[in-house]
Amino acid sequence: FNQRWGLKLWRAAFLSPPRTEPIEGNDAIWNRGRELVEGATHCAACHTGRNFVGARKSDTEHFKGSSALPGGGKAPAIDHETLQMRGWTVNSLAYALRTGVKPDGDAFGGSMGEVVMYGTGFLTEEDRRAMATYLMDDHSGG
């Protein structure tokens, strides 16, 4: 896709606006988390699998992880079931988004380490908590 016309075709076929609009029935913190996770921080860019032409499989693999990042990298699943199964809580996730330190004492590496160092580490505590609240909740209906 080094040809602009090809990129225009790809965008027309696969690009959709982020799902950031508030969902009625959820509180302001959850909706702020949705806005940040689905929009500004675009977590799905790495943590959602892609099809053979590079479009996200948002309907079937949203936040289910990806083993095909550029350069051969991998991103773990960050859907609420996986996070809960791995022992994450809202508090530990908000803390990790500030420091890069995981609940087991290990640290985020690779690209996620850079996300924390150059991105989420500069967010307000309230915004990190909102992101963690949203990620730790079953928002599959949203």
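Restricting region 19-31 to residues that are at pLDDT 90 or above and among the polar types (S, T, N, Q) leaves a set whose member that is nearest to residue 131 (Cα to Cα) is 31. Selection within region 116-125: residues that are in contact with a helix residue (DSSP H, G or I) (Cβ under 8 Å, 6 or more places away or on another chain) and assigned to a helix (DSSP H, G or I). The member of this set that is surrounded by the most Cβ atoms within 10 Å (Cβ to Cβ) is 120. Here residue 60 clears all of (1) at pLDDT below 95; (2) on the phi < 0 side of the Ramachandran plot; (3) open to solvent by less than 40 Å² (accessible area, probe 1.4 Å); (4) not hydrophobic (A, V, I, L, M, F, W, C) except the condition numbered (3). Counting only helices (runs of 4 or more DSSP H) that fall entirely inside region 32-113 and contain at least 1 residues that are more than 21 Å from residue 130 (Cα to Cα) and among the small types (Gly, Ala, Ser), the qualifying elements are 58-61.
The values are calculated or read from the model by the stated rules, or taken from the named source; none is laboratory data. Since the model is a prediction, treat every value here as computed from it, not as a measurement. No Cβ is skipped: glycine too gets one built from the backbone with ideal geometry, and neighbour counts run over all protein chains shown. The accessibility values were calculated without ligands, DNA or RNA, using every heavy atom of the protein model including side chains. Shrake-Rupley method; radii C 1.70, N 1.55, O 1.52, S 1.80 Å.
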